[in-house]
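What follows is one structure encoded as structure tokens, with my remarks underneath.
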Amino acid sequence: MSASPQFRYLCTEVRDGVAVITYARPEVANAINVDVMKELVAAYTWAIANDKVKVIVQTGLGDFFTTGIVFLVAALPVFALFDSSSFNKMLIDCEKVTIAAVNGPGAGYGASSLALFDLVYAVPNAYFFTPFVKWGLSAEACSSFTFTHCLGRQKAAHLILAGERMTAQELESAGMISKILPKNKFLDSVLRIAQKVAQLPPISLKANKSLMTGYFKQELHQANDLEKELFETLITGSETTNAVTRFKEEQRARKQALAGRASPSKL
């Protein structure tokens, strides 16, 4: 097998038919910027094209799965060019089994993208929230459809409209997380499951995934397109601009307060 591709912000490896793609920015809670998204597309392109890869596992390095897409510290005109919809399409159309190994909290895209995976495993202390409305933006990663489909309208609104947190236990009960696994040797536990799946009859595996996903694939693509269209409308609007301005002011005030507490008292 050819060597796994090397990236700046991701780690990739293959273990017994399982490609493991890891967010590798623990210093910023595995936040996703434009470059990370480009690497994700490249990594999944490689894994999907590799005939020896039967299962793809996505996980994160450190304490967080990912805190999602970063835009608040970037110039809005630059972020307006950010497009995660192409990667969403890859997940929707992927014929291989995909697994999210959620090693910690997931915010924004770290929560919204979960339902695009076939299987989702999480550590007990993981929690999830989506601050889309808070920042004057639209839902992403087809979550306007998948959250309602998985959780029901009211729980979906709890996440998207109210922006409230949900725990791993709540999402497991609702059916969006397959199973909660112990934090100790979490990834090893997920990989044991993934490797068992990778050893199953491949034709049957592919056919059954197609059966399970075919019923609503069109709806996923429609949600992805509609979310992209709304995002592009909202990103340059006054609500998003004002939200970013408030955030920067709050961050500046917080840093000044922390610096003040750290300074020795003056007599």
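The values are calculated or read from the model by the stated rules, or taken from the named source; none is laboratory data. Nothing here was measured: the structure is a model prediction, and the numbers come from that model. Backbone-built Cβ (ideal geometry, glycine too); neighbour counts: all protein chains shown.
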Could you grab me the full set of residues in segment 52-79 that are of a type in the set (D, E, K, R) and at pLDDT 95 or above? Lys54, Asp63
Those residues of segment 21-40 which are within 15 Å of Leu91 (Cα to Cα) and at pLDDT 95 or above, in sequence order: Ile21, Glu39, Leu40
Looking for something free of Cβ contacts under 8 Å to residues at least 40 places away in the same chain, touching a Ser or Thr at 6+ places or on another chain (Cβ under 8 Å) and farther than 30 Å from Gly17 by Cα - is there at least one such residue anywhere in segment 165-172? no
Scanning segment 130-160 residue by residue, the ones that are in contact with a strand residue (DSSP E or B) (Cβ under 8 Å, 6 or more places away or on another chain) and surrounded by 21 or more Cβ atoms within 10 Å (Cβ to Cβ) total 3
Among the residues of segment 110-126, is any over 26 Å from Arg15 (Cβ atoms) and modelled with pLDDT of 95 or more? yes
Is there a residue being farther than 28 Å from Lys155 by Cβ, of a type in the set (Lys, Arg) and loosely packed, with under 13 Cβ neighbours inside 10 Å anywhere in segment 196-211? yes
Contact list, first residue from segment 215-238 and touching a residue at least 24 places away in the same chain (Cβ under 8 Å), second anywhere and of a type in the set (Asp, Glu) and surrounded by 13 or more Cβ atoms within 10 Å (Cβ to Cβ), beta-carbon distance below 8 Å, six or more apart or interchain, is Glu227/Glu140; Lys228/Asp83; Phe231/Glu140
